[in-house]
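Chemist: There's a structure below that I have some questions on.
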Amino acid sequence: MKKSLIALAAAGMFAPAAFAATANVDVYGVVSIAVESPDYSDAGGVDDLEVRDRVSRIGFKGSEDLGNGLKAIWQIEQQLIADGTNTPFGGGTLRNTFVGLAGDFGVFVMGRHDTPYKLGTGSLDPFADTIADYNTFSGFGGLAMGLIDGTQDHRSPQAIAYISPTWSGFHFAVATVATNNPALTHLDSGDSFDAFSATAVYSNGPLFLSGSYQSVEVVDSTAWKIGAGYTFGDLKVGAIYEDVEYDALAMERDSWLVNAVYTMGPVALKAEYGAVDLAGTDVDTWAVGADYSLSKRTTAYAVYTSSDVDTVPNQDLSGWAIGLKHSF
């Protein structure tokens, strides 16, 4: 259904003021490239050196003042794939693209967007858009899997969403999905709405708390997760627990993770550990890394991550990455 119901992903809260009261177009984006060495020889793959695009993208957004405190808002965002054959603008690489209204009542949007479930814990992933992203294990083969279920953490092409105002650090967001995937009929349940997603977030001072729920009709799945974070001066810690039940498949997925980020001037040291239990398959994953802020917009980073499938022999995966990310 990696991380904005508008600015929700970055800050864990929505701020209507993020959209300027102007008809001008703001251009923004990220260029993120890494040199990586994924090693999945134990899983029947290879140990090789790669240059990987880590979710580079470009976007356009703006708003128009409609009077009486009401604004029209819009956004178009496209992923760029520098490490392979790029697809035409739009299609599967189109990211959050929507139109909506914002005012004292909150925000209403419709179009393609991350579901509230996905965004409920997006700010708790210190390795987002790297080889150690908590949704996927670098696209490796074998049985390695993301700590958080990437199938549930979804960007829907047919989202209808509402985001509440923020009251003393608390806000909520809800969304429905009209058709889960109009191009694939086997993912269309035939109901008026194929999925429902919601999150509630409290972010105030050093404390962050979130609870998220999602149901998807076509696979008869229900998912919920809770997240928590706290900042002790230069140290920030986070934790997530997720439970997903696929009733149509008689399968359950449980996972958890803990992480920490310690900042020393321009350097941020990061570590994460988590485990997944999927239908009797147990996977443990850990990652360590460091960011170095060359400026407010440019960051260099290094990451090492490893995944161990406890219940299946010869399925251990690992890899390192050195990357550079520039935001504009």
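Chemist: Give just the number: which of (1) under 30 Å from MET264 (Cα atoms); (2) not in a strand (DSSP E or B) does PHE193 not satisfy?
Modeler: (1) is the only condition that PHE193 fails.
Chemist: Also, I was wondering about something else. What's the number of the only condition in (1) crowded, with 20+ Cβ neighbours inside 10 Å; (2) at pLDDT below 95 that THR85 fails to meet?
Modeler: (1)
Chemist: Might you let me know whether segment 165-185 holds any residue that is in contact with a helix residue (DSSP H, G or I) (Cβ under 6 Å, 6 or more places away or on another chain), modelled with pLDDT under 70 and not in a strand (DSSP E or B)?
Modeler: yes
Chemist: A further question on this structure: If you go through segment 95-111 one residue at a time, how many are under 15 Å from the mean Cα position of the chain (by Cα) and surrounded by fewer than 19 Cβ atoms within 10 Å (Cβ to Cβ)?
Modeler: 1
Chemist: Pairs, please: C-beta under 6 Å, at least 6 apart or cross-chain, first residue over 13 Å from VAL109 (Cβ atoms) and in segment 63-86, second at pLDDT 95 or above and loosely packed, with under 13 Cβ neighbours inside 10 Å?
Modeler: Note: pairs meeting the criteria are GLY69/ASP104.
Chemist: Regarding PHE127, is this residue under 28 Å from ALA268 (Cβ atoms), modelled with pLDDT under 85 and out of contact with any His (no Cβ under 9 Å at 6 or more places or on another chain)?
Modeler: Criteria not met by PHE127.
Chemist: If you take the residues in segment 112-136 that are in a helix (DSSP H, G or I) and small (Gly, Ala, Ser), which one is surrounded by the fewest Cβ atoms within 10 Å (Cβ to Cβ)?
Modeler: Per the criteria, the residue is SER123.
Chemist: Pull up segment 238-257, narrow it to residues that are farther than 16 Å from GLY120 by Cα and among the hydrophobic types (A, V, I, L, M, F, W, C), then point me to the one that is surrounded by the fewest Cβ atoms within 10 Å (Cβ to Cβ).
Modeler: Ranking the candidates gives ALA250 first.
Chemist: Only one of (1) buried (at least 20 other Cβ atoms within 10 Å of the Cβ); (2) at pLDDT 85 or above; (3) under 20 Å from SER164 (Cα atoms) fails for ALA34. Which number is that?
Modeler: So ALA34 meets the others, but not (3).
Chemist: Among the listed residues ALA268, ALA250, ALA200, which satisfies the condition of being modelled with pLDDT under 95 and either over 27 Å from SER327 (Cα atoms) or of a type in the set (Gly, Ala, Ser) (or both)?
Modeler: The unique qualifying residue is ALA250.
The values are calculated or read from the model by the stated rules, or taken from the named source; none is laboratory data. This structure is a prediction, so every number in the text was calculated from the model and none was measured. So basically every Cβ, Gly included, is an ideal-geometry build from the backbone, and we count neighbours across all protein chains shown.
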